[in-house]
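Written out below as structure tokens is the structure these notes cover.
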Amino acid sequence: MLRISISVVSLALTIIFSATSDAYDATGVWRGEWRSVSTGHHGPMRVRIRSLPDGTYNAFFTGRFAIVLPFAYRANLVPCVDWNGDRALVATKKLGPLMGSYSMKVYDAGDSWAGGYQASRDRGSIHLRRIR
């Protein structure tokens, strides 16, 4: 009985994890905007996403703050399935001693992603659409 239960659980986990990893195809170039709920600032954002062998993604974000100030940073994105079954990408990144930490979670809506971010003194929304 115990062997059957372990086999069934093992099979179920294999199906769940393979379905989860197959469901994600975040690779490509995405464009959109970020918008601060805290300050009202907003600007364009672009991200190039590449898959990694472990099933996560490496993302290179670029954009602008306050209309003219550019930013660029890399982050690792981890695919997950939320408690209610929605597919998401999650990232956390230390930005340095003055900037604190940054976290982001965006939800899959086909060829677009929508979600939010939070930093030490800021939080807001992110909307991206695949362009390649």
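The values are calculated or read from the model by the stated rules, or taken from the named source; none is laboratory data. Quick caveat: nothing in here was measured; it's all calculated off a predicted structure. The area values use the complete protein model at the heavy-atom level, side chains included, leaving out ligands, DNA and RNA. Shrake-Rupley method; radii C 1.70, N 1.55, O 1.52, S 1.80 Å.
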Carbon and sulfur atoms account, in whole percent of the 1.4 Å probe accessible area of segment 28-132, for 56
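On full extension of the chain, what length is gained from LEU52 through MET99, given 0.36 nm per residue of separation minus the C-alpha to C-alpha distance?
Taking 0.36 nm per residue and subtracting the Cα distance, the gain is 14.2 nm.
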Just for the Cα atoms in segment 56-132, what are the lengths along the principal axes, largest first, rounded to whole Å?
36, 26, 21
Residue separation between ALA114 and LEU69 times 0.36 nm, minus their alpha-carbon distance, gives in nm 13.9 nm
How much accessible surface area, in Å² rounded to 10, belongs to the heavy atoms of VAL37 with a 1.4 Å probe?
90
Expected vector for segment 116-122, Karplus 3J(HN,Hα) from phi with 6.51, -1.76, 1.60 and θ = phi - 60°, integer Hz, x for Gly and Pro, equals x, 9, 9, 10, 4, 10, 8
If ligands, DNA and RNA are left out, what is the accessible area of ARG50 with a 1.4 Å probe, given in Å² to the nearest 10?
140
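Over segment 16-132, what is the relative contact order in percent, taking alpha-carbon pairs closer than 8 angstrom and at least six residues apart?
Value for segment 16-132: 24 percent.
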How big is segment 87-132 by Rg and Dmax over its Cα atoms, in Å?
12.0, 36
